[in-house]
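Here is the structure we will look at, set down as structure tokens.
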Amino acid sequence: MFLEDESLSTTLKAWWNHQAFSFTTYGLSARTLPLYFAGLWTVLEATWSCYDGDQAERLNQGQLAELWLIQHRLLSVEWRDQQYIVTVEPSQSGLQLVQFPRQEVYATLPLRLVSATGESVPVLTGDW
């Protein structure tokens with residue numbers, strides 16, 4: 001069975017064990033697979049409107065970044081010390097999909113996610 005493949009199993013565990021994901025690119029499979037990997041298949045249809053207009057193009061051009069927050073709610077995004085400091089607080093349930101303008105052109109998104117109390121929240125990049 002394909003789930004017995006250790007590298008796939010490790011990937012799936014990483015997705016199931018994170019509550020925050022970052023993206024700097026967009027592609028249909030680059031959104032569909034992460035939704036399934038993270039256990040979010042029930043919101044698949046609801047997320048398509050997040051890519052209306054030119055948002056997908058702006059993600060691929062490095063103008064926007066995207067965060068998926070599971071059981072967390074965004075409080076702020078601040079550009080400080082050459083990185084984005086994203087502050088969140090726990091929420092009872094749900095997914096919050098957040099897009100924000102990028103102020104840099106780094107290959108890797110310089111991102112630090114912290115709780116309102118200052119604790120680090122791990123982020124998994126969804127970029128392939």
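Laboratory data are not the source of any read-out in this text; all were calculated from the coordinates shown. Just so you know, these numbers come straight off a predicted model, no measurement behind them. Quick reminder, even Gly has a Cβ in these numbers, built from the backbone with ideal geometry, and neighbours come from all protein chains shown.
Numerical summary
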item	result
Within the chain: Cβ-based charge dipole about Cα centre, in debye rounded to nearest 20 (Lys, Arg +1; Asp, Glu -1)	200 debye
Residue order, fewest to most surrounding Cβ atoms within 10 angstrom, among E66, E45, E89	E45, E89, E66
For region 69-80, Karplus couplings with θ = phi - 60° (6.51, -1.76, 1.60), whole Hz, Gly/Pro x	10, 9, 6, 9, 10, 5, 9, 6, 10, 9, 8, 8
Karplus-derived 3J(HN,Hα), 6.51/-1.76/1.60, for each residue of region 21-29, Hz, glycine and proline x	9, 10, 9, 10, 9, 9, x, 4, 6
Most mobile of L44, L59, L109 in a GNM of the chain (Cα contacts under 10 Å)	L44
Charge-dipole axis of the chain as Lys and Arg at +1 and Asp and Glu at -1 on Cβ define it, positive-most pick from Q82, T108, S9	Q82
Among (1) 44, 17, 10; (2) 29, 20, 12; (3) 23, 18, 15, the entry derived from the coordinates for semi-axes √(5λ) of the Cα gyration tensor in Å	(3)
Cut-off under 5 Å, modelled amide H: who pairs with S91 long-range	H72, R73
